[in-house]
Amino acid sequence: MNISEIFIAGDHSSLELKSSCKEFLESLGYKVTDLGTNSDESVDYPDFAYILTQKIKSVKNSYGVLICGTGIGISIAANRDKFIRCALCHDEFTAKMAREHNDANVLAFGARVLDSKMAKKLCEIFFSTEFAGGRHERRVKKLS
Ligand code: RB5
């Protein structure tokens, strides 16, 4: 994959997992920018989904990671934008398929669903899996 930068964001439930995923992705050599939130004060996940999706659209070849309690709210919010294909993933298989079949540009997961080991595994798989193209290209085009 050609990745210029990875943006990561989440709500108050994501703090610990967000920083461990950021650190892990940096250790793999990616440029990672944390867009918040950075305090445990309660915030609204759509605000952080919006901040991240705007960045993805303005920086060429950039990708994203979004985290909330379940990953559900923040992935719904991100997918309101036609340019975004945000995949809520739970395991190795869904992380791989999100890239291979759906050409997802944002990975989402739940801080109250996954432990840090699994979250890092998803990051590793997602950002190293190429889109398969072919018949999937036609389907992905139809999404927008
Ligand atoms: C916040 O308590 C929680 O609702 C949020 O993190 C997320 O799980 C929403 O989908």
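Structural remarks
- The set of residues in segment 32-44 being exposed (fewer than 14 other Cβ atoms within 10 Å of the Cβ) and among the acidic types (D, E) consists of D40, E41.
- All told, D47 falls short of being touching a residue at least 12 places away in the same chain (Cβ under 8 Å), of a type in the set (D, E, K, R), over 16 Å from A119 (Cα atoms) and open to solvent by 60 Å² or more (accessible area, probe 1.4 Å).
- Single condition E130 does not satisfy, out of (1) within 16 Å of A9 (Cβ to Cβ); (2) in a loop (DSSP other than H, G, I, E, B): (1)
- Set S75, S58, S116, S144: member being under 13 Å from the mean Cα position of the chain (by Cα) and among the polar types (S, T, N, Q): S75
- Matching residues, segment 1-19, being more than 11 Å from the ligand (Cβ to nearest atom) and either surrounded by fewer than 16 Cβ atoms within 10 Å (Cβ to Cβ) or assigned to a loop (DSSP other than H, G, I, E, B) (or both): M1, N2, I3, S4, E16, S19
- Tally of residues being assigned to a helix (DSSP H, G or I) and closer than 15 Å to G71 by Cβ across segment 108-119: 3
- All positions within segment 60-87 that are in contact (Cβ under 8 Å) with a residue 40 or more places away in the chain, open to solvent by 40 Å² or more (accessible area, probe 1.4 Å) and among the β-branched types (V, I, T): T70
- Selection count, segment 20-36, where residues are in contact with a strand residue (DSSP E or B) (Cβ under 7 Å, 6 or more places away or on another chain) and either away from the ligand (no atom under 16 Å from the Cβ) or assigned to a loop (DSSP other than H, G, I, E, B) (or both): 10
- Of the residues making up segment 75-93, those that are within 23 Å of D115 (Cβ to Cβ) and either of a type in the set (D, E) or part of a strand (DSSP E or B) (or both) are C86, A87, L88, D91, E92.
- Qualifying residue in segment 42-52 (condition: within 16 Å of the ligand (Cβ to nearest atom), small (G, A, S) and assigned to a helix (DSSP H, G or I)): yes
- Meets criteria (in contact with a helix residue (DSSP H, G or I) (Cβ under 9 Å, 6 or more places away or on another chain) and over 21 Å from K117 (Cα atoms)) for D40: yes
The values are calculated or read from the model by the stated rules, or taken from the named source; none is laboratory data. Since we're looking at a predicted model, the values are computed, not measured. Cβ sites come from the backbone with ideal geometry, for glycine too, and all protein chains shown count toward neighbours. Surface accessibility is based on the protein's heavy atoms, side chains included, excluding ligands, DNA and RNA. Shrake-Rupley method; radii C 1.70, N 1.55, O 1.52, S 1.80 Å.
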